Structures are given as structure tokens and as C-alpha cells.
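Input: a single structure, listed below in C-alpha cells.
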Amino acid sequence: MLAPNWGFRLDRDMTKNISRRRFIWSALSSGVAMSALPACANAPERSLRPIERGAGFLKQIQTPAEALISRAKLGGDVAFCVADARTGNILEEYKAGLKQPPASVAKALTAAYALDVLGANHQFETRVVVTGGVKNGVVQGDLILAGGGDPTLDTDALAALAAKVKAAGITSVKGGFKVWGGALPSVRTIDTGQPDHVGYSPAVSGLNLNFNRVHFEWRRSGGQYTVTMEGRSEKHRPAVKFARMAVEARSLPVYIYKDRGGRDEWSVARGALGNGGARWLPVRKPEIYAGDVFQTFARSQGITLGAPSSVGKLPSGETVARHQSAPLQDILRNMLKWSTNLTAECVGMAATAKRSGSRPAGLKASAKAMNGWARDKFGLTSMSFVDHSGLGEASRISATDMMRALRALRQESGLKTLLKRFHFRDEQRRILKNHPVEVHAKTGTLNFVSGLGGFVDLPDGTELVFAIFAANMKQRAGLGKDDRERPPGGASWNRRAKTLQQALIERWSVLYAA
């Protein structure tokens, strides 16, 4: 971690046991600081003990923002805007009108959009619908697993739903087993620029399971590999048939995906596996995935279902079992904490569907509707998102507009209470749990893109609202698609960006305390 340049130096014997960060903590808490030794040619007339100075002196010696930005060596563009959260008065800004990619900071606006349109208590519902009626426990027509856009549906919930179908008295089905995800548009991958195998860019549908990821695990024994593909959850590990993995004798590429025969067909390079391991892979056929897992649990309840098949239109019928998600406010809190892209896309498109009265055509159309909402509600003229998660690099917003939106949302929807607490770190990257400044913010990270937006609570009660965006789009553009999971230089660039964010917040914490 790069420490701020305080602009003065204390005697070595006096500082060997006092870190720079401890020094600023003391200053932030008390409002006073120790000065440097007197700079004069003659011998000092008094003791060389440090002299207490007021808060004004500490403000004078803060490193300028331009110097902090230069020191970070990020290339590209850095922009920020910080204001008094109570009055809205801008305290400091740098290229604040520049349109930058927000990355996952965009999720803060998506959360506000969903809360405004759907309401904090909104719950997504997944149902089991039967057609033709039920006679003596036998469904006379089809049984349909119908999604309601729930981004948090997991394997445990499907197990409970199958038990409810059994409790409803159903023992068998004459017709077929159907799955329906038409409550939301079907999207093959959130961002087409991402590698096929990354779990953070799965498909999106009205019927989702386990964030549309399948658990791939491998073990080597006697020169051969045993692989499993499971819809794993906290309580259950059902094997799935719709997704298959083959180990092939090659070095690169590590993963190859093919859509073959209605299945997700994967192959992996033998040379990349080692002795064993596991990872989550994205699902491209979420409705079939959910149907595959539900079929397993129905069978465990004594109900035999055929292979799942997708239907484009939900047939009318009787609902015999249902599962409701947690309230939207809880879903959003977890989305902002874990930055789950699927959740953002689902809640964003669900909000657009309700606001417009019809299902959006896709992610871009839904994002465009959210852009219009933000323009009408907050006057955000720079906002042009292409999705709800911030994963698409073409999304743009200025630091000024993001700050303005965050401030308005702080007062209107209580967004601050949903944001994750940001932790300061020392030079060894260790979390400083007792730092006197508290920050609630949303982070955003893409390759060579980093953002942070939220609120700063100072010890004296002052509250700041801010947005910081950094992006080196030239360096990002030079990446091949296969490099985007772990690009050369990406980790160190991201660390320097986060160091800059912390240094700017520490600067503001001194300059703008009451």
C-alpha cells in the first residue's frame, strides 16, 4: 500500500515505532498533528519535541490529488467527484464530467431502479403448474416448472418444491415435463466479450438456478481423471445430464464450449488439470438445467418425469406448488455485497417489465429503459448503460452524475444501508478494522477498469458522498478474449487503483472535516 506523502519528516528515533497510518489516525480522531522539526540554520532555542499544530496545518500538508493520481501510474483516465452529502456542495473534483465505464458500481443504480419500480418487499415466485387437471394423483396433462425471474433460486429450493408437489398428492404425470423461463428474455451470456468458461457471465432467463452455474470437479487416479458435473448447493449434490465434460489431450485452450444436441458440451485440456480441483462453469441453457435438477428430486419423491423440454409460452393450468424468494431488499443487499451479475440483470429486467408493462427485448433494451428512468428522476444526462450489472465495457457515466445519483438515493431510498462497508488497509494489505473513518460503497472491477462510489462518515459527523472512476481502455483493448480472466498486469493495476481510491478518501477525510 502506498502511504500518503506527508510533506515533512520526523527524527528517525522518534518514528521507528510509529507508522504513518497510525499518525493520520491520531490526526483524524483528534484534529491535531505533530509538526516537523524547525527548519533553521541556528540551534533551536527549545526542546526538539514535536509541536502540536491545528487541523489547518494538517490540511496544508495533504498530498494534492493530481500527485496521488500520478503516483498510481494507471495510465488512461482517472475522474472523481466528492461532495457534502447534506448540502450537495461539490468539495473537490477531477475530470468529473468525463464519461467512464462504471463496472459494478452500476449495480448501485440498478438496485435503486428495482426498489423504485418493484418495491422493497417484492418476491419472485417459481411455480409448478399442471394442465388437464389431476385425477387420483395423476396429472392428466403436462407438468410445468415455471420460473418467475428469481435470480436466487437454488438446488435446495427445488428439492423443497418437489416435496410440495408430492404433498399435493401428485404421484405421476401422463403428459410431458416442461420448463418455462419466459418471464424474462433469454440471454445466452451477459457479455459476449468474456471467455466462454467464466462463471460471472452466464446465461439469463426467467428460470435460473444456482446463479446459472454448474459445479465441475475433477480427480486424477492412476493416470485417469474422474469428472463430475453437479447442481451443487449447501445440502444437495445432484448430478446433471444436460452438461458434460470431456478431458482431452491438449495444452490450450484450457476450455472449449459447444452447444450440441441441446446440451452444454465442454472439454478441458488435460495438461491444465493437475491432480484435482473444482470450479463453477456458466450455464447456457438455464431452463433445461433447472429441469434436470428438478427431475432428480421429483424422482426421489416417487414421481417419474420425462426429460425436460422448453416451452415458449406458459400453458394455462393449476398451480400445485410454489416457492417464493426472499424480499427484494434482502436480495439487493446480497447482490451489492457479492456483486452477482446475474442478480443485477434479473432484477433490472424485472423492473423494466413492470414499468413498461411488457417484457424487454433484451439486456440493452432494458438498460436503455433504466437510463431513461435515471434521466427523468435525477437528471443524469451522461448515463448510458448497456446492461444492469456493469459487466459490459460500453456502459458510461460521469463521476458527477454518479455522485449526484448516490446522494439523491441516500435520502430517498436508504441505499446507503444496503452498501457494503469498505475497509481501509495498511501497507501489507491487512484490513484496519478500527480505522476512524467509515465508508459504505460499491466497488467495480473489470480488466484495467476500477470504480468506487458511496459515502464517507468522518469522526466529527460530517458525511461525504463520492464517485471515483479509473480506466485504461487502451490497455484493455489490447487484450485477447482468452486473456480476460487473468490478464498480464491486471492484478497489479487493480491494486494500484484501489490504493489510489483509499488515498483520495483519506485526503478528503482530512480536508473536509468540519
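Where a number appears in this text, it was derived from the coordinates with a stated rule and is not lab data. This one's a predicted model, so the numbers in the text were calculated from it and none came from an experiment. Neighbour counts run over all protein chains shown; Cβ positions are idealised from the backbone, glycine included.
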So, with points 7 Å from each Cα along the Cβ direction, the residue 168-residue 84 label distance in nm works out to 5.9 nm
Members of 59/377; 178/416; 285/442 lying beyond 32 Å, as alpha-carbon distances in this model show: 59/377; 178/416
Considering only the other residues whose Cβ falls under 15 Å of the Cβ of residue 138, what net charge follows from Lys and Arg at +1 and Asp and Glu at -1? +1
Compute the Cα gyration tensor for the range 414-474, then decide on rounded, prolate or oblate, letting a ≥ b ≥ c be the square roots of its eigenvalues: rounded whenever a/c is under 1.5, prolate when a/b is larger than b/c in the other cases, and oblate in all that remain. oblate
Taking amide H positions as placed 1.01 Å from N in the peptide plane, with prolines and chain starts having none, which residues 5 or more places from residue 99, or on another chain, fall under 5 Å of its amide H? none
Order 313-326, 421-434 from most to least packed using the mean count of other Cβ atoms within 10 Å. 313-326, 421-434
Before anything else, pin down the relative contact order of the range 51-124: Cα pairs under 8 Å, at least 6 apart, normalised by residue count, whole percent. 16 percent
Taking θ as phi - 60°, what are the ³J(HN,Hα) couplings along the range 310-324 by the Karplus curve (6.51, -1.76, 1.60), each to the nearest whole Hz, with x for Gly and Pro? 7, 10, x, 10, 6, x, 6, x, 9, 7, 10, 7, 8, 10, 10
At a Förster distance of 60 Å, what's the computed FRET efficiency of residue 304 paired with residue 463, Cβ-Cβ distance as r, to 0.05? 0.50
How much net charge surrounds residue 154 when only other residues with a Cβ under 11 Å from its Cβ are counted (Lys, Arg +1; Asp, Glu -1)? 0
Can you grab the distance from the C-alpha centre of the range 477-507 to the C-alpha centre of the range 376-394, Å, no decimals? 22 Å
Return the loop-located GluC sites (Glu not before Pro) in the range 168-250 (DSSP other than H, G, I, E, B) with at most 12 other Cβ atoms within 10 Å of their own Cβ; answer none if there are none. 234
Classify the range 124-325 as rounded, prolate or oblate, taking a ≥ b ≥ c as the square roots of the eigenvalues of its Cα gyration tensor: rounded when a/c is under 1.5, otherwise prolate if a/b is larger than b/c and oblate if not. prolate
Here FRET efficiency (C-beta to C-beta, residue 136 to residue 228, R₀ 30 Å, nearest 0.05) is 0.20
Between the range 277-350 and the range 418-448, what's the alpha-carbon centroid distance in Å? 33 Å
Quick check: pseudo-label points 7 Å beyond the Cα along Cα→Cβ at residue 249 and residue 67, how many nm apart are they? 6.3 nm
Using a ≥ b ≥ c from the Cα gyration tensor of the range 272-394 (square roots of the eigenvalues), is it rounded, prolate or oblate, where a/c under 1.5 gives rounded and otherwise the larger of a/b and b/c decides, a/b for prolate? oblate
Where trypsin sites (Lys or Arg not before Pro) fall in DSSP loop in the range 63-160, at most 14 other Cβ within 10 Å: 73, 86
Asserting the computed 222 nm helical MRE of the chain (DSSP H runs at least 4 long, -39500 (n - 2.57) per run, divided by residue count, to nearest 500) equals -9500 deg cm²/dmol
Residues residue 60 and residue 482, FRET efficiency given R0 of 45 Å [Cβ-Cβ distance, rounded to 0.05]: 0.35
Report the net charge of residues surrounding residue 178, where surrounding means a beta-carbon distance below 10 angstrom and charges are Lys +1, Arg +1, Asp -1, Glu -1. -2
In whole angstrom, the spacing between the Cα centers of the range 109-156 and the range 174-196 equals 15 Å
